[in-house]
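**Q** Pasting in a structure now, in structure tokens, and then I'll have a few things to ask.
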Amino acid sequence: MKHTPFDFTYGRTATLPINFTVETYPVQPINEKNFQETLQRRAYTLFSTLEGKRRIAAIHIKHSQAQQKEKHNNKLPPITNKFKVGNKVLLHRTKIEKQWSGKFENKWDEPFYIYEILDNGSYKLRLNDKILAKVAHGDKLKHYHSRNNPEPLISQIGTHSPLINPEDILQNLEPIIIIEQQSNLNT
């Protein structure tokens, strides 16, 4: 049986405007004779039935919340801890995801270390010696792979030599320039 907040507060159903045209229990005129009787009946109603209704409602609420939680958890994929303590990870910056002004900013914050593994796939992070107060969920983290050789190698076109000699490029271009100049003179 469903109850309204008014019912739990006052122990009775609310008086509707239609009840003023048709006399019902709450709006019947009370005379001095039946005042004590009405007052005792009201006190009995409040103390006996209202508390029982509240207990039953609390049981129904807990049952309903447990069903909702179970239904929600069945939709979620199983949680696995894909990171270990000490792993280097990047933290996703969800703030800039919906902002146009941060379009060209980095979407991942600097490499953090996993400090502690918590429940439900959450992690505590640390940056150098400072432990972050906020907890990060595993969905917002990815492994950080450091670069061993950050300097790029430049190679010549058509060869696999790691260095380009500018004189070689000029020598290859000189015959092309001479041919173009001769063709311009002939026309």
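**Q** So how far apart, in nm, are the two label points at Lys2 and Lys62 if each is 7 Å from Cα heading toward Cβ?
**A** Label-label distance for Lys2 and Lys62, simple model: 2.3 nm.
**Q** May I ask you to list the lysines whose Cα is less than 20 Å away from that of Lys107, ignoring any residue fewer than eight positions away on the same chain?
**A** Partners within reach: Lys88, Lys95, Lys98, Lys124, Lys134, Lys140, Lys142.
**Q** Provide the gained length on full extension for the span Asp109 to Lys84, in nm with one decimal, where the gain is 0.36 nm per separating residue minus the Cα-Cα distance.
**A** Contour length minus Cα-Cα distance gives 7.1 nm.
**Q** Mind ranking 34-47, 113-126 by how tightly packed they are, going by the mean number of other C-beta atoms within 10 angstrom, highest first?
**A** Those peptides, ordered most packed to least, come out 113-126, 34-47.
**Q** Can I ask one more? Quick one: which residues, 5+ away or cross-chain, put their amide H under 5 Å from the amide H of Leu91? H built at 1.01 Å from N.
**A** Asp109, Phe112
Quick note: the coordinates plus some simple rules give every number you see, no bench work behind them. Computed from a prediction, not measured in an experiment: that's the story for all the values here. Backbone-built Cβ (ideal geometry, glycine too); neighbour counts: all protein chains shown.
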